[in-house]
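*Asks:* Below is a structure I'd like to ask you about.
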Amino acid sequence: MAASEPSSGQRVLVTGGAGYIGSHTCLELLQAGHSVTVLDNLCNSSPESLKRVESLAGRALELVQGDIRDFDLLRRLLGSPGGKQPAFDAVVHFAGLKAVGESVAQPLAYFDNNVAGTVCLLRAMAEAAVKTLVFSSSATVYGDPASVPISEDFSRSATNPYGRSKLVIEDILEDLYRSDPAWCIARLRYFNPGGAHVSGLIGEDPQGTPNNLMPYVSQVAIGQRECLQVFGGDYPTPDGTGVRDYIHVVDLANGHLAALRALRQDDGQSGRFLTVNLGTGVGVSVLDLVKAFERASGRSVPCRVVARRAGDVAACYANPALAKTLLGWQAQRNLADMCADAWRWQSQNPQGYRQSAAQAHSDGATR
Ligand code: NAD
Ligand code: WQD
């Protein structure tokens, strides 16, 4: 079945569903006929993203504002043990902190939120017998890869506390599955997500200075920032700048639906444990991305090559073959699509979701 085709409706709990990847996934889930409950503490997102998801889908979802570390809340949400039917068929788990630099400065906050938060979620799921989980892992678990493209069997290592939190969670999930093979678990290793929904209504809304390339380039193109600093021009890559695998966020979202379907294939028999790269397999340099963005936006993106950023690797892109075999999924959108969609989102929402919040406030004040 193609990744975007509807399948029979499941009741899905989406942690971190108000965030960038989560909101796009909620939309695809609703459009495919699933029912969606989001659990998000809104520490890095706005509920406005979900209002827009509902209006695009023409269907409602439920937002529970709360923390994945709140065991009592999870217990109430997932359904009581031993008693009635579990409240959900599956959990898609995005909630987490993701800023690499911040994780170096505040490692305990990252281990608490990401690792302890996931353990709390898993305990509540086990108790409620909700044993299907799709987890947001990352290509960061490959550390500095020995070669590219990267397959799932490459060795793993962490270069910072954020990456270590993903590695530890991956290991916890493996131990959990070994202890109870009724679990159905997919560990999805995302490469570099970018772009936005084609409507321009939902997209990435970074707080403060963006850490990632794509939102930074968007903000330079629109004139909010003067110049892109290109971190390193002397890498052993075709043009000397870092090479990554940029994957359209809607393709990524559809990868989660494909994973849910794949986990369901063995429903009622035994569990499943999948570890899959979600990438395009295409390596794109910083300068390639800048040129593509200039073409898509019709704006110029001034750049200056500066020193390498500590911890960056020269090249990181996926071998995406296993996702096709196991999930029937492959990326459908290319770099030009990603830049066009990111630009539509940026130009229609120059202040991200903050603009809507301010607008709603001033509308309320004048009423
Ligand atoms: P995001 O920050 O936009 O979304 C994460 C969401 O989780 C936010 O809405 C935040 O409010 C919520 N959240 C954080 N901690 C929480 C907690 N304790 N309880 C409840 N909600 C909480 O990030 P994103 O880019 O959408 O990333 C989603 C997931 O994918 C993360 O786990 C991230 O590590 C992973 N990932 C992201 C990228 C990327 O480059 N964006 C790459 C690989 C993996
Ligand atoms: C991409 C390329 C930079 C900004 C990070 C995390 C990883 C994952 C995805 C969550 C690199 C260059 C960037 C800038 C630049 N996140 N760059 N100027 O570092 O590949 O991955 O996000 O799991 O864990 O580490 O992504 O977008 O920061 O950088 O030249 O202002 O752009 O050097 O070559 P990265 P990125």
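*Asks:* Looking only at the range 12-35, filter to residues that are of a type in the set (S, T, N, Q) and over 13 Å from Gly203 (Cα atoms); which one of those is farthest from ligand 2 (Cβ to nearest atom)?
*Replies:* Filtering the range 12-35 for residues that are of a type in the set (S, T, N, Q) and over 13 Å from Gly203 (Cα atoms), the one farthest from ligand 2 (Cβ to nearest atom) comes out as Ser35.
*Asks:* Does the range 251-261 contain any residue that is part of a strand (DSSP E or B) and within 15 Å of ligand 1 (Cβ to nearest atom)?
*Replies:* No, every residue in the range 251-261 fails to be part of a strand (DSSP E or B) and within 15 Å of ligand 1 (Cβ to nearest atom).
*Asks:* Any idea which residue in the range 52-63 is farthest from ligand 1 (Cβ to nearest atom), counting only those that are of a type outside the set (A, V, I, L, M, F, W, C) and free of Cβ contacts under 8 Å to residues at least 40 places away in the same chain?
*Replies:* Gly58
*Asks:* Do you know which of the residues in the range 14-41 that are among the aliphatic types (A, V, I, L, M) and within 9 Å of ligand 1 (Cβ to nearest atom) is most open to solvent (accessible area, probe 1.4 Å)?
*Replies:* Ile21
This table checks each residue for (1) near ligand 1 (Cβ under 9 Å from one of its atoms); (2) within 25 Å of Ser46 (Cα to Cα); (3) among the polar types (S, T, N, Q).
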{"residue": "Gly66", "(1), (2), (3)": "yes, yes, no"}
{"residue": "Leu78", "(1), (2), (3)": "no, yes, no"}
{"residue": "Val92", "(1), (2), (3)": "no, yes, no"}
{"residue": "Ala99", "(1), (2), (3)": "yes, yes, no"}
{"residue": "Leu108", "(1), (2), (3)": "no, yes, no"}
{"residue": "Asn113", "(1), (2), (3)": "yes, yes, yes"}
{"residue": "Leu122", "(1), (2), (3)": "no, no, no"}
{"residue": "Val141", "(1), (2), (3)": "no, no, no"}
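*Asks:* Pairs under 6 Å by beta carbon, first residue closer than 19 Å to Phe88 by Cα and assigned to a helix (DSSP H, G or I) in the range 14-27, partner polar (S, T, N, Q) and more than 6 Å from ligand 1 (Cβ to nearest atom), six or more apart or different chains?
*Replies:* Ser23/Ser49
*Asks:* Taking the range 262-297 only, how many residues are within 16 Å of ligand 1 (Cβ to nearest atom), open to solvent by 10 Å² or more (accessible area, probe 1.4 Å) and of a type in the set (A, V, I, L, M)?
*Replies:* 2
*Asks:* Being acidic (Asp, Glu), buried (at least 24 other Cβ atoms within 10 Å of the Cβ) and either touching a residue at least 12 places away in the same chain (Cβ under 8 Å) or under 30 Å from Cys303 (Cα atoms) (or both) narrows it down to one of Asp234, Asp245, so name that one.
*Replies:* Every option except Asp245 fails the conditions.
*Asks:* So, of the residues in the range 153-188 that are among the charged types (D, E, K, R) and within 16 Å of ligand 2 (Cβ to nearest atom), which turns out to be farthest from Leu97 (Cα to Cα)?
*Replies:* Restricting to residues being among the charged types (D, E, K, R) and within 16 Å of ligand 2 (Cβ to nearest atom), the top hit is Arg156.
*Asks:* Another question about this same structure. Taking only the range 206-238 into account, find how many residues are within 11 Å of ligand 2 (Cβ to nearest atom) and not in a loop (DSSP other than H, G, I, E, B).
*Replies:* 11
*Asks:* Turning to a different aspect of this structure: Looking only at the range 189-205, decide whether some residue is open to solvent by less than 10 Å² (accessible area, probe 1.4 Å), within 23 Å of Thr280 (Cα to Cα), away from ligand 2 (no atom under 11 Å from the Cβ) and not in a loop (DSSP other than H, G, I, E, B).
*Replies:* Checked the range 189-205: no residue is open to solvent by less than 10 Å² (accessible area, probe 1.4 Å), within 23 Å of Thr280 (Cα to Cα), away from ligand 2 (no atom under 11 Å from the Cβ) and not in a loop (DSSP other than H, G, I, E, B).
*Asks:* Quick check, is Leu257 out of contact with any helix residue (DSSP H, G or I) (no Cβ under 9 Å at 6 or more places or on another chain), touching a residue at least 24 places away in the same chain (Cβ under 8 Å) and open to solvent by less than 50 Å² (accessible area, probe 1.4 Å)?
*Replies:* It is false that Leu257 is out of contact with any helix residue (DSSP H, G or I) (no Cβ under 9 Å at 6 or more places or on another chain), touching a residue at least 24 places away in the same chain (Cβ under 8 Å) and open to solvent by less than 50 Å² (accessible area, probe 1.4 Å).
*Asks:* Out of Ala365, Ala357, Ala342, which single residue is in contact with a Ser or Thr (Cβ under 9 Å, 6 or more places away or on another chain), modelled with pLDDT under 95 and not in a loop (DSSP other than H, G, I, E, B)?
*Replies:* Result: Ala357 is the single residue among Ala365, Ala357, Ala342 that is in contact with a Ser or Thr (Cβ under 9 Å, 6 or more places away or on another chain), modelled with pLDDT under 95 and not in a loop (DSSP other than H, G, I, E, B).
*Asks:* Moving on to the next point. So is Arg178 assigned to a helix (DSSP H, G or I) and either within 24 Å of Trp329 (Cα to Cα) or open to solvent by 10 Å² or more (accessible area, probe 1.4 Å) (or both) or not?
*Replies:* yes
*Asks:* Now for a separate question. Only one of these is under 19 Å from the mean Cα position of the chain (by Cα) and within 20 Å of Val250 (Cα to Cα): Ser46, Ser55. Name it.
*Replies:* None of the other options fit; the residue is Ser46.
The values are calculated or read from the model by the stated rules, or taken from the named source; none is laboratory data. Note that the structure is predicted; figures quoted are calculated from it, not measured. Please note: Cβ atoms are built from the backbone with ideal geometry, for glycine as well, and neighbour counts cover all protein chains shown. Calculation scope for accessible area: heavy atoms of the full protein, side chains included, ligands and nucleic acids excluded. Shrake-Rupley method; radii C 1.70, N 1.55, O 1.52, S 1.80 Å.
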